[in-house]
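I have placed the structure first, in the form of structure tokens, so that the comments after it can refer back to it.
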Amino acid sequence: MKVDVKKIIRKIGSLLILLVLMLCMGVASPVFFTVGNINNIGIQASVNVVLSIGMLMVIIIGGIDLSIGAILALAGIVSAYLMKAGCPIFWAMFISCFAGAALGAVNGFIVTYMKLPPFVATLGTTGIFRGTALLITNGLPVSQLPNEVRVIGQGSLLGIPNPIVIMLIVAIIIYVVLTYTAYGRSLYAIGSNYEATRLSGISVKRNTMVTYTVEGFLAAVAGVILLGRLAVAQPNAATGYESNAIAAAVIGGASFSGGRGSVVGALIGALVISVLNNGFTLLGLNSFVQQIAIGVVVVLAVFADIMQRAKVN
């Protein structure tokens, strides 16, 4: 039986990158592999993993969403104001997640029924959502929240930090949805061949709307994690997080042409970014260097995807 080495490398390439990167960071800094630091990496990655999984779903259908960071911020503001108004913490966060879903549905409506390109549509809603968050708060953070809110971001379950627990729950649920449901399989079909999928009887518009709605919900879940970690809602929170989410999905094997990508890949891609950030911080390198490194990794990942598609064609 002939083993296709190139195919195997394509499947586990991002994992190899992560393992090599961790090994290099461990050699460069003796603190890297300590339990506390590994937990710290997981906690830092949790927000980006949840955002990346939502972004992955949109990229699979051939779309993009630049407003995901603004949705996170606005949902966090909604949650914070509900708490300050006396709403129980659980219900405040629950309502904010559905507020995020509503914002995602707005994106879906603009893309599917107003027929705007996803890039243009979500670029516009980024300004709307971010501006709304700034208008509501006058550009000021919402603080003095109940101390119990910190349990979400700073507590633990069976010794595992809560942000990591939430991250894993989200990853497992979306993995099952994409792998074992008709809806999940339809997303890959839409991204692979939009017209053929439409002609086959699958409701492309409905599934696209659902996908953007789910992504908005996940952005709000990421906002809940961030709010729990900081205990402060910032109207300018998650600025630039959309680029990290896109980067994680692409590093994990998603293709901008649609039809390809996995939850495991997005999770690994987000961990790659977190390991880079954490390792560079431990080494005392400038944060600007971190941005350059992430940019280089993204360019190389996209280039590899282009070369692979060129070979297939």
Residue pairs within 9 Å by beta carbon, gap of at least six or interchain, first lying in the range 140-162 and touching a residue at least 24 places away in the same chain (Cβ under 8 Å), second loosely packed, with under 14 Cβ neighbours inside 10 Å and in a loop (DSSP other than H, G, I, E, B), listed first then second, are PRO161/GLY155; ASN162/GLY155
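Got a sec? Which of VAL264, VAL289, VAL275, VAL296 is in a helix (DSSP H, G or I), crowded, with 18+ Cβ neighbours inside 10 Å and among the hydrophobic types (A, V, I, L, M, F, W, C)?
VAL275
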Would you please list the contacts, defined by Cβ atoms under 7 Å and residues six or more apart or on different chains, that run from a residue in the range 181-194 that is in contact (Cβ under 8 Å) with a residue 24 or more places away in the chain to a residue that is buried (at least 20 other Cβ atoms within 10 Å of the Cβ) and not in a helix (DSSP H, G or I)?
LEU187/ILE61; ILE190/ILE61; GLY191/ILE61; GLY191/GLY258; SER192/GLY258
β-branched (Val, Ile, Thr) and crowded, with 23+ Cβ neighbours inside 10 Å: does that describe ILE60?
yes
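Test THR126 against the criterion of being buried (at least 19 other Cβ atoms within 10 Å of the Cβ), modelled with pLDDT of 90 or more and part of a helix (DSSP H, G or I), and give yes or no. Give the steps one after another, and end with the answer.
Working: buried (at least 19 other Cβ atoms within 10 Å of the Cβ): yes; modelled with pLDDT of 90 or more: yes; part of a helix (DSSP H, G or I): yes.
Answer is yes for this residue.
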Which residue pairs have Cβ atoms closer than 7 Å, lie 6 or more positions apart in sequence or on different chains, and pair a first residue in the range 110-137 that is under 10 Å from ASP65 (Cβ atoms) with a second residue that is of a type in the set (Ser, Thr, Tyr) and surrounded by 19 or more Cβ atoms within 10 Å (Cβ to Cβ)?
VAL111/THR208; VAL111/TYR212; THR122/SER67; THR125/SER67; THR126/SER67
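The values are calculated or read from the model by the stated rules, or taken from the named source; none is laboratory data. It should be emphasised that the depicted structure is a prediction, and the values quoted were computed from it without experimental measurement. Neighbour counts run over all protein chains shown; Cβ positions are idealised from the backbone, glycine included.
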